[in-house]
């Protein structure tokens, strides 16, 4: 944490500024990775979340932490069995068979394979006899994980203020959102009742679509710490060789996957937020299977609208539209230098563009923006972090399936089919017409107002009122400096007097107080770094930076 603060401030209290190399960042990231693995489940989850936050960490950290897998040794079966039976009752009575070797294990839970007993179960408890006798996957929360997570969250909550003191306002905004988001996300992921509700809602949204399979929840065998779902077998989505042997059209699978997430985020407003290859499979018929809905989220209508605006602007290569969407959604600071940011966007699009105008990948654009997001005034609101994670991870899966996969083409087709691009054009025409009407009205009012102003000027009856705006709090800073200066003078004088009077305790206290005042006075003269004063982010240096990293 101190190294992170040192890198952000370049100095803590005193010291010369420095440039931190990519090698130093990578070394520290590797040390951080080892620490997170040693600290256990909660911090592994924290590392995974940090790997999706380029507004908090430099690109080298993101690259190292992105390899952090939520794969830890499973808890012993007797401990897991105690949790299962405390929630559902005796295993032998509730299941016809139960394989005690987990088929997957994670930091918060582990999954077992079992079969329901058609003779022992009462179908009326769930309203359907189809639940009996099926192959099921049983997800069990790790034993005693609640107390461990609570303790770890206390550590994170108490540690955060130390960082907030040293970082700038944009980073403090991101860190506060990160802490709130992490605490909320990890608690939600441990709540299997919520996961069942989200799974059921998303499944209903795809009920009539035979391109996807979302497991059904077995309500009679689920609770707060246990979630039982139908077992659906498939080939891991990144097992390209096996898919090829099965004659699966990988390009079609990639397109269907991308469309499914566009539908979830833009249309439905509720989405599966953990689309890494371990949670996605493909059946022999080419249908996509979704697993593990513990990490899922919602998108409010405003964010949905702005995401559409962003995608449409990217497809149209509308730089101003991209920046407007980022500012309105809260990702880009309104104080950012639009000229510099427009240049960055222009470089990103030009570098990512293929032979055809629309043949470039959104992850290349996002990736190059992420390289500058740590230094530029970008920030990620908590309601957008999961969306960014989904966009980048899904794009990686699609490119694994088809190296020539064109995300923008698929997204553009989806937006066109759903009428979003047409609506965008209609909205633009409506806004343009409104502006033209207002311009005409203003022109008719300018002439009389100008004539009245000239008449008052001719009569020497024109007064100008001037107000001073202090948006940078210059007067407040000046007052603080004056107060610090006077107090420092008094304490230095008092230190000398107390020393002359041979009062060591008093002189030491006064000396310490003088040091604190000197520190505060020094800090008050440190100006904020402006985005417009960072000439190193030219086109040539951006390319050089990417080559070095």
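No lab work stands behind these numbers, since they all come straight from the coordinates. Quick caveat, the model's predicted, so the values are computed rather than measured. Neighbour counts are summed over all protein chains in view; Cβ atoms, including those assigned to glycine, are modelled from backbone coordinates with ideal geometry.
Over all distinct Cα pairs, what is the inverse of the mean 1/r for the range 71-119, reported as the Kirkwood hydrodynamic radius in Å?
Result for the range 71-119 stands at 11.4 Å.
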Relative contact order [Cα under 8 Å, 6+ residues apart], the range 484-526, whole percent | 48
Note down the Stokes-Einstein diffusion coefficient of the range 484-526 in µm²/s, whole number, using a Kirkwood radius over alpha carbon pairs, 25 °C, and 0.890 mPa s.
-> 237
Förster-model FRET efficiency, 56 Å R0, residue 474 and residue 148, C-beta, rounded to 0.05 = 0.70
What FRET efficiency do you get for residue 39 and residue 439 if R0 is 60 Å and r is their Cβ-Cβ distance, rounded to the nearest 0.05?
-> 0.45
Inter-label distance for residue 508 and residue 2, nm, one decimal - labels placed 7 Å from Cα along Cα-to-Cβ | 2.3
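With r as the distance between the Cβ atoms of residue 219 and residue 27 and R0 = 41 Å, compute the FRET efficiency 1/(1 + (r/R0)^6) and round to 0.05.
Efficiency, rounded to the nearest 0.05: 0.25.
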For labels at residue 515 and residue 193 in the simple 7 Å Cα→Cβ model, what's the distance in nm?
-> 5.5
Distance between the range 249-314 and the range 25-61 - C-alpha centres, whole angstrom = 25
Could you grab the relative contact order for the range 290-334? Cα pairs under 8 Å, six or more apart, rounded to a whole percent.
-> 30
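Subtracting the Cα-Cα distance from 0.36 nm times the residue separation, let me have the gained length for residue 454 to residue 417 in nm, one decimal.
7.6 nm
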Label-point separation (nm) for residue 209 and residue 135, each offset 7 Å from Cα along Cα-to-Cβ?
-> 2.5
